[in-house]
Amino acid sequence: MSIINKFYVVGDPIEQSFSPTIHNTVFKYLNLPYHYDRKLVNEENIDSFVKLAKRDKQIYGFSVTHPNKQLILPFIDELGEMARVIGAANCVAVRNGLLFGYNTDGNGYIKSIMRTGFDFNGAKVKIIGAGGAARSIIYSLLQVNIASLTIYNRSLPKAVQIASEFGGKANVQRLEDFSPIHCDLLINATSVGMQPHISDCPVDNLDGILPDTFVSDIIYSPERTKFLQMAEAKGCAVENGLKMLILQALISEEIWFERNDLANNEELIELIEEEVKKEIKAKLL
Ligand code: ATR
C-alpha cells in the first residue's frame with residue numbers, strides 16, 4: 001500500500017514525542033495508508049517547514065508542539081476562534097496550500113475528564129499553573145458551565161493576565177496561598193513532578209481536601225505524580241494527563257478528516273493508551 005498522506009509533529013526537542021505512536025495507531029485502526037513522523041522544527045527553520053507543508057501536496061496536516069505553538073501563528077492563513085483567543089495553535093490542517101490553525105488541547109482536557117463521568121455543570125474548579133497548557137485548559141473550562149474557577153500560580157501577574165484576557169469567572173491567587181477546600185475539581189497544569197523530577201510537587205500538602213474532590217494532573221509520566229499520590233491518599237479519584245494527550249490528538253484527527261467519531265471511540269482510546277504506555281515503559285528502561 002503506498003503512503004498517500006503524510007503528517008508530522010513539529011517541535012524542538014521532538015524525539016520524546018508520543019504523537020507518532022498515537023496517530024499511527026489511529027491510521028492503522030482506520031486502515032488508512034498514511035504516515036505520521038517527527039520533525040525537528042524551531043524558530044530557525046519554521047519558515048522552511050511551512051513552505052514545504054504548503055508545497056508538498058502529500059502533507060495533509062501537522063501537530064505543533066514546543067516551541068512552535070505561538071511561532072506558527074504568523075504563518076496561519078485562517079485561525080480558529082479558540083487558537084486565536086488562546087494565542088497558540090497545536091493542530092494545523094493544510095488545505096489547497098493554505099494553513100488552518102486550531103487549538104485542541106483544552107477540549108482534549110475537558111473530554112478526558114468528562115469521560116470519567118465528572119459533571120462540569122456547577123462545578124467549583126481550582127487550577128494550578130498559568131503557562132501555555134493552563135491557558136488552553138482555562139479557556140475551555142470557561143466554555144462549560146462551571147460555577148467558579150480559581151487560578152493559582154507561583155507568579156501572580158501571569159494568572160492575572162489570563163483571568164483578565166478570558167474574562168468570565170476566574171479568580172486568581174498566589175500559589176503560596178493555595179487551599180484545596182471548596183473544590184469539586186482540582187487540576188495541576190504545571191510541569192512540576194514530571195519525569196525525572198518525580199519527587200517534586202507544586203503544593204506541600206492537600207490538607208483539608210474532601211475525598212469527593214476529583215483531582216487531575218496534566219502529567220502522564222510518571223503515571224501517578226506525587227500530587228496525584230497525595231490526592232489518592234486522601235481518598236480522591238484521580239486522572240493523569242494521558243487521556244488528555246490522546247484526546248487532543250483524536251480531536252486533531254477529526255479536524256483533518258472532517259469527522260466526529262474518533263474522540264468518543266472508547267476502543268480506539270484504549271488501544272492508543274496501551275501503545276503509549278508500552279512506549280513510556282520502553283523509554284524508562
Ligand atoms: P507549559 O507551556 O508546558 O504550560 P510554561 O508556559 O513554562 O509551560 O508554564 C509552566 C507553569 O508551571 C507555570 O504556571 C509556572 O509558574 P510560573 O508562571 O510562576 O513560572 C509553573 N511552574 C514551573 N515550575 C514551577 C515550580 N517549581 N513551582 C510552581 N510552579 C511552577
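Bear in mind these aren't lab numbers, they're just calculated from the coordinates by the rules spelled out. Please read these numbers as outputs of a predicted model, since none were measured by experiment. Note: ideal-geometry Cβ built from the backbone for every residue, glycine included; neighbour counts use all protein chains shown.
Here is how the numbers come out for the structure above:
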quantity	calculated
Kirkwood hydrodynamic radius over Cα pairs of region 125-264, then Stokes diffusion coefficient at 20 °C and 1.002 mPa s, in µm²/s	137
Crossing angle, helix 19-29 versus the chain [Cα axis fit, 0-90 degrees, rounded to tens]	70
Exposure proxy order (Cβ contacts within 10 Å, fewest to most) of Y29, Y109, Y139	Y29, Y139, Y109
Cα-Cα P(r), region 101-149, percent of pairs per 10 Å interval	26, 60, 14, 0
Degrees separating the helix 132-141 axis from the principal Cα axis of the chain, which is the longest one	70
Charge sum, other residues only, whose C-beta stays under 14 Å from E270's C-beta, Lys/Arg counted +1 and Asp/Glu -1	-1
Descending semi-axes in Å of the chain, equivalent ellipsoid built from Cα gyration tensor	32, 21, 17
Packing-based ranking, highest mean first, of 247-254, 189-196 given that Cβ atoms within 10 Å are counted	247-254, 189-196
Square roots of five times the Cα gyration tensor eigenvalues for region 140-184, Å	17, 15, 6
Cα gyration tensor shape of region 187-285, rounded if a/c is under 1.5, else prolate or oblate by comparing a/b with b/c	prolate
Expected 222 nm ellipticity per residue - DSSP helices of 4 or more, -39500 (n - 2.57), all of the chain, to 500	-11000 deg cm²/dmol
Tilt relative to the chain, helix 46-55 - C-alpha long axis, 0 to 90 degrees, to 10	50
Antiparallel bridges, percent of DSSP beta bridges restricted to the chain (to nearest 5)	20
Cβ-defined net charge surrounding D105, 13 Å radius [Lys, Arg +1; Asp, Glu -1]	+4
Rounded if a/c under 1.5, otherwise prolate or oblate - region 2-72, Cα gyration tensor axes	oblate
Normalised contact order of the chain, rounded percent, pairs of Cα under 8 Å and 6 or more residues apart	15
Total formal charge among the other residues, if their Cβ is under 11 angstrom from that of P67, Lys/Arg +1 and Asp/Glu -1	-2
